[in-house]
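The values are calculated or read from the model by the stated rules, or taken from the named source; none is laboratory data. Treat the numbers as computed from the prediction; the structure is a model and nothing was measured. Cβ placement follows ideal geometry from the backbone for every residue including glycine, while neighbour counts extend to all protein chains displayed. To get the accessible areas, we keep the full protein, side chains included, count just its heavy atoms, and leave off ligands, DNA and RNA. Shrake-Rupley method; radii C 1.70, N 1.55, O 1.52, S 1.80 Å.
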Amino acid sequence: MRLLFMGPPGVGKGTQAKRFAHERGLCHISTGDMLRQAVQRGTPAGLQAKPVMERGALVSDALVLELVDERLGEPDAAAGFILDGYPRNPRQAADLARLLEQRGEGLDAVVALTMDVEHIVPRLSGRRSCPECGAVYHVSGNPPKEPGRCDRDRAELVQRPDDQEDVIRDRMATYVEQTAPLIAFYRDAGLLRGVSCEGSVDDVAARLSAVLGAAAA
Ligand code: AMP
């Protein structure tokens, strides 16, 4: 199965993509995660991406294409994948189409995750994560047992620099201007499946399974 997960920041795209990939034995490919890792390691790609990510804009199409191309070439991606957060503009969608064509592959479905805009800022601004194991919490919706510390390894939780309220608004604007137009593109291609992200993580996962049941068969 080859899938794309799209949606505005804060809908729980990463959480659902990771879970679905794990359940179905697919490779989870998140350009956001790959870029954050590059920033943390201080690689040339990371140094280029850091200031762009901090202001909620998109890093260069060439840079993400290189990351995705490399990742899709790794052996585990042959079993199927979920691309999470890529493509994010029409140029990237064209790049991806070309990449897949070269590989003789196609997409089975594009999932558009949706949520009321007013729910998004509080969800993101309360998000905290563990720098050691990557576990994600929310200060009120899904708090750790001990405030500020990871349940698994007790590491001090951190807030992503781009989860500050003003940056969240810029990320939303970037999504509306550059990424949302892809929804019509994939709808016209007959690939789009809409899934509401209201409710619990389990509710959304159940909806996703139902919607992707046919694609998974
Ligand atoms: P995410 O974790 O998907 O919300 O991504 C975090 C940030 O990484 C975004 O706000 C962008 O700055 C950058 N980023 C992630 N994916 C892409 C992409 N496909 N194209 C350009 N920038 C990206």
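Here are some notes:
- Residues that are surrounded by 15 or more Cβ atoms within 10 Å (Cβ to Cβ) and farther than 23 Å from Arg171 by Cα do not occur anywhere in segment 115-127.
- Set side by side, the residues Glu66, Glu74 differ, and just one is more than 12 Å from the ligand (Cβ to nearest atom) and surrounded by fewer than 22 Cβ atoms within 10 Å (Cβ to Cβ), which is Glu74.
- Number of the condition not met by Lys18 [criteria: (1) open to solvent by 40 Å² or more (accessible area, probe 1.4 Å); (2) over 29 Å from Ser125 (Cα atoms)]: (2)
- Where Cys150 falls short, out of the listed (1) modelled with pLDDT of 90 or more; (2) surrounded by fewer than 16 Cβ atoms within 10 Å (Cβ to Cβ); (3) under 20 Å from Gln40 (Cα atoms): (2)
- The residue pairs whose first member lies in segment 96-113 and is at negative phi, whose second member is of a type outside the set (D, E, K, R) and part of a loop (DSSP other than H, G, I, E, B), and whose beta carbons are closer than 6 Å, counting only pairs six or more residues apart or on different chains, are Leu96/Pro87; Leu107/Leu191; Asp108/Met1; Ala109/Leu191; Val110/Leu191; Leu113/Gly7; Leu113/Val11; Leu113/Cys197.
- Test result for Gly194, open to solvent by 40 Å² or more (accessible area, probe 1.4 Å), under 23 Å from Leu3 (Cα atoms) and part of a strand (DSSP E or B): yes
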